[in-house]
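Down below is the structure, laid out as structure tokens.
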Amino acid sequence: MRKLIFCVMLACASCLISHAQFQGIDVDKLSLLVKQASTLPMDNAILVMKSTMTALSDNPMGYRKALEFAESHLGNPADSLHNEELYITCLEHATQSYVLGKSEKDRPRLLLESAKKNRIGTAASDLVYVTPDGQTHHLTEACDQYTLVYFNDPDCDACERVKSRMEQSQTLKSYVDQGLLKVIGIYPESNEKLWKKSTFPSWIVNGWDKKQQIENEGTYVMPTSLPVFYLLAPDKTVLLKNEPSLKRIESALDKVMLSADKTPQSLVTLLFN
């Protein structure tokens, strides 16, 4: 059945491109294509996206519009179509394509470099953080739990609202109590006084990027607005990144906890669809 759906998707991509060559690319149809591709296994979805970009190479205007679409939707964590693997596929194609001139490739090249940092399925970068008791910790220090990182700013209203929902989340609290999950809030800015005023319940670690690794070294690429979550497997493989929705985080945790196959790559595949 999946094979049939995949073939239909490739046919849809072909029809979309044929339409675009004569009338300009249809954003609504491209949105539909992305939504349907996201239901396929990861490898097939990537192939559909790559085939779409390749076909659009004969339509420079449509190709550039597709790149704009990818940046606005696939690369935007707050967008319902956000899908970083498909976004990376588009950017990789753009940096290698003959459609764009040399200078035009600078932007997709920089965006690709950022997107690949802490890419889903790869090992998370280490981050040194301090806690209110003055102790220094490493994000990637050994533990046999899943790690949920909550990048937040106490001066951000949205962050405070999400934090309040986290405190009331029976899903998070239950997995923490069972020893299956560690939750770490990390403040990435430099205002120590503001951080020290922030409070978390005892089962959430309150951390601060005191060395400003995120800002100075680009260890993690933050979206323009916080908060966002990262979900890491026990071996610190990135399972989800820059996820703004606590509801999707709770759903993802339920999926990985119930999965019979706990290997990181199988969990990445599980959460992709």
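A few remarks follow.
- Residues that are out of contact with any helix residue (DSSP H, G or I) (no Cβ under 7 Å at 6 or more places or on another chain) and touching a residue at least 60 places away in the same chain (Cβ under 8 Å), drawn from segment 45-100: Asn76, Pro77, Ala78
- All positions within segment 126-150 that are among the polar types (S, T, N, Q) and within 14 Å of Asp235 (Cβ to Cβ): Thr140, Gln145, Thr147
- The residues listed here are Pro264, Pro244; of these, the one that is more than 25 Å from Val130 (Cα to Cα), surrounded by 13 or more Cβ atoms within 10 Å (Cβ to Cβ) and not assigned by TED's automatic domain parsing to the domain that holds Lys35 is Pro264.
- If you check Tyr129, Tyr150, Tyr98 for being more than 26 Å from Ser202 (Cα to Cα) and among the aromatic types (Phe, Trp, Tyr), only one passes: Tyr98.
- One residue stands out in segment 214-230 among those that are within 17 Å of Tyr150 (Cβ to Cβ) and out of contact with any helix residue (DSSP H, G or I) (no Cβ under 6 Å at 6 or more places or on another chain): the one that is surrounded by the most Cβ atoms within 10 Å (Cβ to Cβ), namely Tyr230.
- Top-ranked residue in segment 190-213 [being closer than 16 Å to Leu139 by Cα and of a type in the set (A, V, I, L, M); ranked as surrounded by the most Cβ atoms within 10 Å (Cβ to Cβ)]: Ile204
- Residue list for segment 197-223, restricted to those being in contact with a Pro (Cβ under 7 Å, 6 or more places away or on another chain) and either under 12 Å from Thr131 (Cα atoms) or not assigned by TED's automatic domain parsing to the domain that holds Thr140 (or both): Ser198, Asn206, Asp209
- Taking helices (runs of 4 or more DSSP H) as the structural unit, those lying wholly within segment 1-69 and holding at least 3 residues that are farther than 21 Å from Gly101 by Cβ and modelled with pLDDT under 90 correspond to 2-23, 27-37.
- When residues in segment 256-270 are screened for being under 11 Å from Leu239 (Cβ atoms), in contact (Cβ under 8 Å) with a residue 60 or more places away in the chain and not β-branched (Val, Ile, Thr), 2 of them pass.
The values are calculated or read from the model by the stated rules, or taken from the named source; none is laboratory data. Since this is a predicted model, take the numbers as computed values, not measurements. Reconstructed Cβ throughout: ideal geometry from the backbone, glycine too, with neighbour counts over all protein chains shown.
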